[in-house]
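Here the structure comes first, spelled out in structure tokens, and everything after it is commentary.
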Amino acid sequence: MNDLGWIDLAVRSARPRVMGALMRYFRDLDLAEEAFQEACLAALKNWPAQSPPHDPAAWLIFVGRNAAIDNVRRQSKQSPLPPEDELPDRQDTEGDLAQRLDDAHYRDDILRLLFICCHPELPATQQIALALRIVSGLTVQEIAHAFLVSEVAMEQRITRAKARVGGAHLPFESPDEAERSKRLSGVAAVIYLMFNEGYSATGGEALIRAALCEEAIRLARLLLRLFPAEPELMGLCALLLLQHARAKARLDGSGAIVLLDDQDRALWDRGLINEGLAMLDKAVRHHAAGAYQIQAAIAALHARATRAQDTDWRQIELLYATLERIQPSPVVALNRAVALSKVKGPGAALELIEPLADKLDGYFYFFGVKGALLMQLGRNADARIAFDRAITLARTPAEAAHIRLQIEQLMRAPADPPAATKAGPA
Amino acid sequence: MLYAILCYNDETITLSSTKAEDDMVMARLAAVTDKAAQSGKLGPVARLMPTTTATTLRKHGHGKRLDPGAEPPLITDGPFAETKEQLLGFYVIDCENLEEALQFTRDLGQADPGGAYEIRPIASFRPGMIAA
């Protein structure tokens, strides 16, 4: 890797810690960002000539803070501009910083920064965009790309989000245990949403939006490194790794959805799966089940099945039932129904989802699953009605195409005994 | 003489690399290790999973000799982080899960109190072969 490549990598990975510390000094997103930019410019200028600093994050914090203070002075014309060569020399910087930077602070710095970006007053999409911009350092162009909107629209969205956060009460006091755990779960939820934004993409968009999944995994790992004993963070991390492991198999060559049962499991990323399983192993030792851990456990059962028919659906159904108790939701019930259909047949599953009809009246998957169950029961006319409704609710061309495929199947085998099961989210 | 070569780097940086960057580094490393392997000089090579997958078992006694099994060990999440103790050796063991690996580690701790073990899953492993 050349110098510039190395500098880019070092700056990218130091960013959350540096921005977190600069936020603590300046208590203002724009000022902190400016300071960070200044520090990056100084790094580009200084690092190639000398050997890279021992602790790039500490260097960037020190230089960024000084540069921003100089800027403020310059603007108020109270003191002359300092010559460039007065940038702290490396030995001094690091010796100094060892004293100055309280390492114990820095995990709360990063958590605070994430928590500010994930401010509850912001709509979820703005939370994700702001976190990607501020914490991950993606460019507005990259974020706009990932959200499939224009750069101008994304710029506005981020500016609005910053203004709203700037006007809100920001949490600069040191968190106590209860506050820290509240912040953690808020941030975890946004990381999960960020992942899903990328994961739900289909077609040509999928490759572009995979960046969101990778960034979510990077942030989840970062948080877990800072808070190593949180079972739900382990669960979240495991869940994201296990889901992302299937990315290559989820879409076919034309970008159409391939359901779990039909995926080529050789395309699953074993490295990510093994890491996810190891993480889940650690989580369950704590005997403190939570929603992320349960979802990870479900993903793990899929990952462990070498062939689709080896899947332990009974266990999956039990896990969905537990998840439903912790986090009651018609969507979870729907997933449970899919698992139940594998264990007890489509009739039992249909019975389970009938009461959900009101709540899920506008939900694509409800009618997709319902249609598939009816088709398995040979109730083809009813299945057709459900599939037609699903198509009108499809959010992407890939979803609609997937249902059309099933309708074709229906037409080929009118009112005949069960076709292969095609149900549920991939 | 057999030498163990232990790899250290900043994980925040290595985990920020793109797949392409990582593949490039791995290919360059393979060029080096393949040469040693061809001459029958390369033993096991392992790449560890990130420290987020690590678990640490702290034995009681802190360097003092205790009667084996006098106190149960303390198990914590995360990597071994003390700097006042030094890396003295390592084991590679094939286990079904973390619990089995922990049981083996507890047994080691019974046999030799004091200090700590870090249990870290291995991401990739090549057994290697050293010419006798």
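Structure data summary
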| quantity | calculated |
| --- | --- |
| Selection from region B:105-130 of residues that are more than 14 Å from chain A (Cβ to nearest Cβ) and open to solvent by less than 70 Å² (accessible area, probe 1.4 Å) | B:108, B:109, B:112, B:113, B:114, B:115, B:116, B:117, B:128 |
| Filter pass, residue A:220 being farther than 24 Å from residue B:10 by Cα and either open to solvent by less than 40 Å² (accessible area, probe 1.4 Å) or over 14 Å from the mean Cα position of the chain (by Cα) (or both) | no |
| Single residue of A:57, A:42 found to be without any contact (Cβ under 8 Å) to a residue 60 or more places away in the chain and under 18 Å from residue A:110 (Cα atoms) | A:57 |
| Filtered residue count, region B:71-103, keeping only those that are exposed (fewer than 15 other Cβ atoms within 10 Å of the Cβ) and of a type in the set (Phe, Trp, Tyr) | 2 |
| Unique match (being of a type in the set (A, V, I, L, M), open to solvent by less than 20 Å² (accessible area, probe 1.4 Å) and in a helix (DSSP H, G or I)) among A:348, A:383 | A:383 |
| Filtered residue count, region A:292-311, keeping only those that are open to solvent by 40 Å² or more (accessible area, probe 1.4 Å) and within 14 Å of chain B (Cβ to nearest Cβ) | 1 |
| Cβ pairs under 6 Å, 6+ apart, first in region B:97-110 and more than 12 Å from residue B:59 (Cα to Cα), second surrounded by 13 or more Cβ atoms within 10 Å (Cβ to Cβ) | B:97/A:281; B:98/A:281; B:101/B:95; B:101/B:119 |
| Helices (runs of 4 or more DSSP H) lying entirely in region A:188-259 (those with 3 or more residues that are more than 12 Å from chain B (Cβ to nearest Cβ)) | A:205-226, A:231-244 |
| Scope region B:1-17; condition more than 14 Å from chain A (Cβ to nearest Cβ) and open to solvent by less than 100 Å² (accessible area, probe 1.4 Å); matching residues | B:4, B:6 |
| Conditions (1) free of Cβ contacts under 8 Å to residues at least 60 places away in the same chain; (2) more than 11 Å from every other protein chain (Cβ to nearest Cβ); (3) assigned to a helix (DSSP H, G or I); (4) buried (at least 18 other Cβ atoms within 10 Å of the Cβ): number failed by residue A:314 | (4) |
| Region A:260-275 - residue that is within 14 Å of chain B (Cβ to nearest Cβ) and not aliphatic (A, V, I, L, M) and, of those, most open to solvent (accessible area, probe 1.4 Å) | A:270 |
| Hits in region A:13-52 - residues which are over 23 Å from residue A:165 (Cβ atoms), modelled with pLDDT of 85 or more and either within 14 Å of chain B (Cβ to nearest Cβ) or surrounded by 21 or more Cβ atoms within 10 Å (Cβ to Cβ) (or both) | A:13, A:43, A:47 |
| Of all residues making up region A:276-291, the number that are at the interface with chain B (Cβ under 8 Å from one of its Cβ atoms) and either assigned to a loop (DSSP other than H, G, I, E, B) or open to solvent by 20 Å² or more (accessible area, probe 1.4 Å) (or both) | 2 |
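The values are calculated or read from the model by the stated rules, or taken from the named source; none is laboratory data. If you're wondering where the values come from, they're calculated on a predicted model, not measured in any experiment. When we count neighbours, we look across all protein chains shown, and the Cβ atoms used for this are built from the backbone with ideal geometry, even at glycine. Please note that ligands, DNA and RNA were not included when accessible areas were found on the heavy atoms of the full protein model with its side chains. Shrake-Rupley method; radii C 1.70, N 1.55, O 1.52, S 1.80 Å.
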